[in-house]
1. Under 13 Å between alpha carbons, and skipping anything fewer than 8 positions from LYS161 in its own chain: which aspartates and glutamates qualify?
2. Please sort by residue number the trypsin sites (Lys or Arg not before Pro) in segment 151-226 whose DSSP state is loop and whose Cβ has at most 11 other Cβ atoms within 10 Å.
3. May I ask you to derive the FRET efficiency for GLU221 and SER59 from their Cβ-Cβ distance with R0 = 30 Å, giving the value to the nearest 0.05?
4. Taking springs between alpha-carbon atoms closer than 10 angstrom, which of GLU115, GLU226, GLU263 fluctuates most in the Gaussian network model of the chain?
5. Along Cα→Cβ, 7 Å out, is where each label goes; now give me the distance between the ones at GLN173 and VAL265 in nm to one decimal.
6. Please check: in the Gaussian network model of the chain (C-alpha springs, under 10 Å), which one of LEU29, LEU114, LEU206 has the largest mean-square fluctuation.
7. Regarding segment 1-155, what is the average projected area of its C-alpha convex hull, in nm²?
8. So how far apart, in nm, are the two label points at ASP214 and LEU114 if each is 7 Å from Cα heading toward Cβ?
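Each reported figure results from applying straightforward, stated rules to the coordinates on display, with no laboratory input. All values reported here derive from a predicted model rather than from experimental measurement. Counting neighbours? That spans all protein chains shown, and the Cβs are built from the backbone with ideal geometry, glycine included.
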Amino acid sequence: MPASISLSGKTAVVTGASSGIGRAIAERLGAAGAHVVLSGRSSAPMEASAKKIEAAGGSAKVVPMDVRDIPALQSLVADALADKGRLDIMVNNAGLSYPGAIADAEPEHWRDMLEVNVLALLVGCQAAIRAMRECKAEGHIVNISSIAALRRDSGVYGATKHAVNCITNTLRQELEDDTIRMVNIMPGAIATNFARNFDPAFLKGLGAMAGVTDFEPVQGEKMPDEILEKIQPLMQQVLSTPEDVAEAVAYAVSAPINVNVSEVVVRPGKSMDFSI
Ligand SMILES: NC(=O)c1ccc[n+]([C@@H]2O[C@H](COP(=O)([O-])OP(=O)(O)OC[C@H]3O[C@@H](n4cnc5c(N)ncnc54)[C@H](OP(=O)(O)O)[C@@H]3O)[C@@H](O)[C@H]2O)c1
């Protein structure tokens, strides 16, 4: 890990910071010296991350909220600016997937993916632009997309990530004359709670491949950290880790304003197609 990255004096907001990639990003930015505002629906893991950041000498604030609540999301960003007088980094990470055939799907699951993966990301981008302009920041807005956006047939989830790429590229052009840089991160497969809506039999099989047999996944429910932590190292050839993505984010947001690390694809050493 390059210890040289310093984000001291900067303020960062991370959505979906209660689990997986968002949690790793929040902790990495905090370790680099940024004041981090962690947002998600589950308080306990965010409180634990905030404690970790503070124990290492950093500073953090936890704001439990649902990103589908547009005024709450706007306030999250405005309050971060009001608290510290600045907003330098906005990470739109909250996201979810309901895999499966379009013909058999629940429209409410499409609504959830569209509201969280696309609408909330747009609202987060807009609120961050306004805050960064107000404090004249040399800012970075990081959107967490997916390698699903690189495929033409990646389902409704993939369609939301195609939208993320389109929004990010459009904003990059819109903001060329501002001191705000857009960063699009496209992770490959990572063992996180992202898989909570996947078929439990598939997850059990994946666990078994990794040698984890004491695992009874329940569809829609988060998996215990201990199980994810067991699976990650056992499958490191075919899965990246949340920390790999966090490192890419730390690198991109520490670039000087005249350098735009515009897109990063983070893959494991060996490709395995989980259709995500
Ligand atoms: N894991 C992968 O293989 C992979 C690959 C490519 C891209 N991605 C992308 O990476 C991002 C993070 O996913 P992850 O893998 O870290 O999954 P995860 O462990 O399930 O984390 C998702 C985060 O999003 C939050 N979230 C979901 N719905 C929300 C809502 N309505 N309001 C507020 N927060 C909400 C969750 O918070 P709560 O659970 O507390 O509500 C959680 O903190 C997503 O955008 C995903 O599409 C993941």
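1. GLU115, ASP153
2. ARG152
3. With a Förster radius of 30 Å, E is 0.40.
4. In this elastic network of the chain, the residue with the biggest mean-square fluctuation among GLU115, GLU226, GLU263 is GLU226.
5. 2.2 nm
6. LEU206
7. The orientation-averaged projected area of the Cα hull of segment 1-155 comes to 9.9 nm².
8. 4.4 nm
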